[in-house]
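Working notes, beginning with the structure itself.
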Amino acid sequence: MTRISTERYNNNLYIPKPSQILLVKHMAKISVNKETCIACGVCWALVPDVFELDPNTGKTRIRPPYVVNDDEKTSEGNIPNELIDAVKNAASSCPTGSIIVE
Ligand code: SF4
């Protein structure tokens, strides 16, 4: 029988910092497809802390501090737990299904 040494296991165990645990447990990934967004403004009205008009593309983008990537086609971000329900509501209200919450 092969026995894994506890010491070796502990040596290989990755113990995240508390701030990293919070990122995993209390954030959700969101994205906006700018190619399908028709700039109706529903999401800006429902969750103005997260969504706004991108003046460069005329489409929706995710606002700081939540945005992590923004280009001509997509805006991606991470939102805290307290905004998930509001963003899910915006996603279900989007007439083109351009908002994804993971
Ligand atoms: S609700 Fe959808 S279509 Fe309307 S602005 Fe927001 S992402 Fe664009």
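Looking across the range 61-96, just one residue is among the acidic types (D, E) and within 11 Å of I30 (Cβ to Cβ), and that is E76. The strands (runs of 3 or more DSSP E) found wholly in the range 34-102 include none carrying at least 2 residues that are near the ligand (Cβ under 9 Å from one of its atoms) and among the β-branched types (V, I, T).
No lab work stands behind these numbers, since they all come straight from the coordinates. This structure is a prediction, so every number in the text was calculated from the model and none was measured. No Cβ is skipped: glycine too gets one built from the backbone with ideal geometry, and neighbour counts run over all protein chains shown.
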